[in-house]
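K.L.:
Structure in structure tokens, see below.
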């Protein structure tokens, strides 16, 4: 029973230690941020809404490692809470986009014909609406709420996932073992789920990582504009917005949440690049 | 001769697809903004309005007609430049847009003028020294830069140049610009922020386009002939890479559309994007619809230009 996790951990470690430097830095921060998202609120030194210092826009200090915000609240605690919001929302939206995109792509690729044609045309039209424009129009029409933000981000990034997944599926579809399964008389669902899907998991995981980065940037951008996550809840973008008044005093409270977002998105990018680079090198050797 | 006809057909076909896509996009935007019915008249008159005046205004605005008819008349208005009346500013949307659009276009033009040469230089240098230290450093830098949120770049720029060094003002009102120095101080920071993201994208795509050409067999031939690397890159590969590079430039410029929303807001720049953000905040639907259509049109236009350049520069269609 216990041999499985051990073997998994060992192969995980081997993968990690074979990564280039940038990939290892990326992996470190990705693990760190995932841990923060899971544990954040329980390790926060102060209550998220508590005003703990008379000093507004306080500097970095021993008592408040990331300074204090515009009301004198502890920035470290604020960021630990906000990170869970940012990462959680983005994970749900990116998962929804990837799963919907992949499912529709499998359907289109295996069914072919007019279903494929109509679906691909529709996706092409939808991809022509820049994600920020769609998000602004959606918020203008329905007002901002967490379910709406998730829906909007998922809608924005489904066509991209669909495109990648469809081109992968169309390639896999022509391989001999899939043709053999067809000749055996297997159903479309079996061919899509058992023969094609397993062979596109790795590139789709890499694509999922990129969608996650896009969603984090989109949603924190919306929150920064005041059109995303609404108070009293706050994601990392909201923290930048609520402290923007301290910008001209050079308050750390403006920059630290923005840096937090950048370390998250950049490290996911670096990790994916290193992992897919490893895959191409392995394929070339 | 047959190839010219083929190219012309491809071009016309592509323009047709673009026009059709724009139509679908307009239908999507109209549908989303009209799913919650009839609130426009209520919104304009406020909560205290009597049902009769709301109904009267609804009839006057044409809100009592069925959806497809309203869509058709809205679409007709878009084409003829009649974008309706703003709820909050109580003036025609066309007038609002006319004051803001040139400012955004100027910002985009300055950004393009600064970013294109830099990005091309970075991309071509990186491609020529493929796999070398410079290439790896640039790859890492551009890979990181594309994932950095615009407001981080903007806040750091303000902290550095406006707060610490005091070189530029932190806000870019762009109202009465009299001389070149003032122009520079107004545009420096928004342009710097926008360039940061766009250059990263453009350099990555340029590098990929040039590498694609450098691995072609005619380049191998030139190398075997004994031509120097700079000559191979500039005389042999580059002329053929112009199409793919122009394609990359047009596509990367479309990233401006997302960035400009954040940048105009943070620097208080009076362009179209900040007009749209204000309209979304106030739920001023006619303005939101008009701005969204202009941005989507600009995006589709850039993608169309990118595709047309790719078609027209394809040597298989040009010669033979």
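FYI, it's all coordinate maths here, none of it is from the lab. Note that the structure is a prediction, hence the values are computed from the model and not measured. All Cβ positions, even for glycine, are placed from backbone atoms using ideal geometry, and neighbour counts span all protein chains on display.
K.L.:
Peptide A:211-223: average number of partner chain Cβ atoms within 10 Å per residue?
P.N.:
On the way: counts 0, 0, 2, 1, 0, 2, 7, 2, 0, 3, 8, 3, 0.
Partner-chain Cβ atoms within 10 Å, mean over residues of A:211-223: 2.
K.L.:
Which order do the peptides B:240-251, B:256-267 come out in when sorted by mean C-beta neighbours inside 10 angstrom, highest first?
P.N.:
Details: B:240-251: 21.2, B:256-267: 25.3.
In descending order of packing, they fall as B:256-267, B:240-251.
K.L.:
Counting other beta carbons within 10 Å of each Cβ, put B:65, B:4, A:173 in order, fewest first. Working shown, then result.
P.N.:
On the way: B:65 14, B:4 10, A:173 18.
Listing B:65, B:4, A:173 from fewest to most nearby Cβ atoms yields B:4, B:65, A:173.
K.L.:
Taking beta carbons within 10 Å but only from partner chains, what does the mean come to for residues A:122-132? Numbers along the way, then the final one.
P.N.:
Details: counts 1, 0, 4, 9, 4, 2, 10, 11, 11, 1, 9.
The per-residue average across the peptide is 6.
K.L.:
Would you mind giving the average projected area, over all directions, of the Cα convex hull of chain A in nm² with one decimal? Let's see the in-between values first.
P.N.:
Details: hull surface 77.1 nm².
Averaged projected hull area, Cα only: 19.3 nm².
K.L.:
For a test of the definition: using alpha carbon positions, the gyration tensor, and the 1.5 limit on a/c, classify the stretch A:170-262 as rounded, prolate or oblate.
P.N.:
On the way: a/c = 6.45, a/b = 3.94, b/c = 1.64.
Prolate, because a/c is 1.5 or more and a/b exceeds b/c.
K.L.:
Quick one: Cα centre-to-centre distance for the stretch B:179-219 and the stretch A:109-155, in angstrom?
P.N.:
Between the Cα centres of the stretch B:179-219 and the stretch A:109-155 lies a distance of 29 Å.
K.L.:
Now a separate question. Which residue fluctuates most in the GNM of chain A (Cα springs below 10 Å): A:135, A:189, A:253?
P.N.:
Evaluated over chain A, the most mobile residue of the options is A:189.
K.L.:
Taking a ≥ b ≥ c as the square roots of the Cα gyration tensor eigenvalues, with a/c under 1.5 meaning rounded and otherwise prolate when a/b beats b/c, else oblate, which class fits chain B? Before the final figure, lay out each step's value.
P.N.:
Values: a/c = 3.06, a/b = 1.56, b/c = 1.96.
It comes out oblate by the Cα gyration axes.
K.L.:
Among rounded, prolate and oblate, which fits the protein assembly as shown when a ≥ b ≥ c are the square roots of the eigenvalues of its C-alpha gyration tensor, a/c under 1.5 means rounded, and a/b larger than b/c means prolate?
P.N.:
Values: a/c = 1.30, a/b = 1.13, b/c = 1.14.
It is rounded, given that a/c, with a ≥ b ≥ c, falls under 1.5.
K.L.:
Measure nothing but the geometry: give the 0 to 90° angle between the long axis through the Cα atoms of B:180-214 and the longest principal axis through the Cα atoms of chain B, rounded to 10°.
P.N.:
Orientation of helix B:180-214: about 50 degrees from the principal axis.
K.L.:
Peptide B:150-159: average number of partner chain Cβ atoms within 10 Å per residue?
P.N.:
Working: counts 4, 13, 12, 2, 4, 10, 5, 0, 6, 8.
Other-chain Cβ atoms within 10 Å of each residue's Cβ, averaged: 6.
K.L.:
Measure out, as a whole number of angstrom, how far apart the alpha-carbon centroids of the stretch A:30-77 and the stretch A:170-245 sit.
P.N.:
31 Å
K.L.:
Per DSSP H run of n ≥ 4, the term is -39500 (n - 2.57); total these for the protein assembly as shown, divide by its residue number, and report the mean residue ellipticity at 222 nm rounded to 500 deg cm²/dmol. Numbers along the way, then the final one.
P.N.:
Working: 24 runs with 439 residues, N = 605.
Rounded to the nearest 500, the figure is -24500 deg cm²/dmol.
K.L.:
Mind checking which of A:213, A:254, A:146 has the largest fluctuation in a GNM of chain A, springs on alpha carbons under 10 Å?
P.N.:
Highest fluctuation among the options: A:146.
K.L.:
Then there's this: For helix A:201-224, what angle does its Cα long axis make with the longest principal axis of chain A, in degrees from 0 to 90 and rounded to 10?
P.N.:
Its long axis makes an angle of about 30 degrees.
K.L.:
Any idea what angle helix A:113-126 forms with the longest principal axis of chain A, computed on alpha-carbon atoms, 0 to 90 degrees, nearest 10?
P.N.:
Approximately 20 degrees, to the nearest 10.
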